[in-house]
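Structure record follows, encoded as structure tokens.
No value in this document is a laboratory result; all are computed from the given coordinates. As the structure is a computational prediction, the values presented were derived from the model and not from experiment. Cβ placement follows ideal geometry from the backbone for every residue including glycine, while neighbour counts extend to all protein chains displayed.
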Amino acid sequence: MSVTVTFAGSGDAFGSGGRLNTCIVVDAPEMRFAVDFGASSLVALNRLGIDHNTIEAIVVTHLHGDHAGGIPFMLLDAMLGARRQSALTIIGPPGIERWVEQATAALFPGSHMMKPRFALEFVELSNTSTHHHDQLAIEVMPAIHTPETLPTSVRLGIGGKIISYTGDGEWNPHMPALAQGADLLIMECYAFGKPVKYHLNYPDIAANREALNAKRIVLTHMGPDMLAAARDIPEATAFDGMVITL
Ligand SMILES: [Zn+2]
Ligand SMILES: [Zn+2]
């Protein structure tokens with residue numbers, strides 16, 4: 001049985017290239033889950049014909065709107081449009097439940113009156129440890145990104161495969177360990193020319209390429225100058241709707 005990874009959204013926070021915010025859907029024999037769920041994620045799922053209710057869990061790498069901002073929309077839809085009945089687990093940095101509550105209250109005032117008719121569970125990922133949710137193993141590694149977002153990188157074990165994902169964050173010495181032996185390494189790569197703080201810049205990836213021992217690397221979350229350069233680099237780059245079978 002294979003594991004597939006679908007880049008439902010492959011964009012940055014600002015809609016560069018007309019791309020949707022980060023939303024990566026993983027289909028494994030055991031479960032279907034999303035990794036990050038940016039503000040436009042329901043649009044991303046609908047474009048691909050992915051039923052919202054089939055997402056069993058959402059793993060959030062950090063508390064930025066382009067990675068978690070779709071959750072309030074998901075919850076409202078689950079209660080109203082999609083009439084969800086199956087359990088949903090939201091896994092993320094410490095404080096994820098409060099963040100979702102506050103974001104939902106800000107985006108949908110009055111929605112606190114609605115109570116989900118499905119089991120809604122929040123799981124907090126403390127840093128640098130391995131967590132298990134059903135058959136999914138989540139190893140949390142440090143990331144250097146806006147500190148207030150409690151940024152993480154994650155190594156996800158599912159279906160006998162390892163999917164590693166930098167989340168947002170600049171080059172850090174943990175990345176070779178994050179990559180080691182992974183079936184797929186997903187790296188954000190925001191900038192190409194002028195370095196941008198708190199983000200991976202392509203020259204850092206190129207300079208450290210030999211230290212990244214993953215079977216496959218895909219770059220995503222590209223800003224304008226990186227998008228323009230994407231055709232001329234050896235690494236694969238994601239696009240909205242890209243599907244990778246591991
Ligand atoms: Zn981002
Ligand atoms: Zn971010």
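Structure values in brief
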{"read-out": "Cα shape, the range 1-85, gyration tensor, a/c 1.5 rule", "value": "oblate"}
{"read-out": "At most 15 other Cβ within 10 Å, DSSP loop - trypsin sites (Lys or Arg not before Pro), the range 199-246", "value": "LYS215, ARG216"}
{"read-out": "Estimated distance in nm for a label pair at SER16 and MET1, the labels positioned 7 Å out from Cα along Cα-to-Cβ", "value": "3.8"}
{"read-out": "Percent of beta bridges antiparallel (DSSP, the range 90-246, rounded to nearest 5)", "value": "55"}
{"read-out": "Relative contact order %, the chain, counting alpha carbon pairs below 8 Å whose residues are six or more apart", "value": "19"}
{"read-out": "Rg/Rg_ref, the range 4-245, where Rg_ref = 2.2 N^0.38 Å and atoms are Cα", "value": "0.95"}
{"read-out": "The range 175-246 shape via C-alpha gyration tensor axes, a/c threshold 1.5", "value": "oblate"}
{"read-out": "Distance histogram for the range 115-244 (every C-alpha pair counted, 10 angstrom bins, percent rounded to whole numbers)", "value": "12, 41, 33, 11, 3, 0"}
{"read-out": "Electrostatic dipole magnitude of the range 42-124 [Cβ: Lys, Arg +1; Asp, Glu -1; Cα centre; debye, to 20]", "value": "280"}
{"read-out": "Built amide H within the under 5 Å cut-off of PHE122, gap 5+", "value": "ILE90"}
{"read-out": "Simple label model, 7 Å out from Cα along Cβ direction - ARG32 to HIS174, nm", "value": "3.1"}
{"read-out": "Sparse-neighbour loop sites [trypsin sites (Lys or Arg not before Pro); the range 67-108; at most 12 other C-beta within 10 Å; DSSP]", "value": "ARG83"}
{"read-out": "Extension reserve of the LEU48-VAL243 stretch, reckoned as 0.36 nm per residue once the Cα distance is removed", "value": "69.1 nm"}
{"read-out": "Label point at PHE118 placed 7 Å out along Cα→Cβ; residues across the range 46-77 whose backbone nitrogen lies under 19 Å", "value": "46-60, 68-77"}
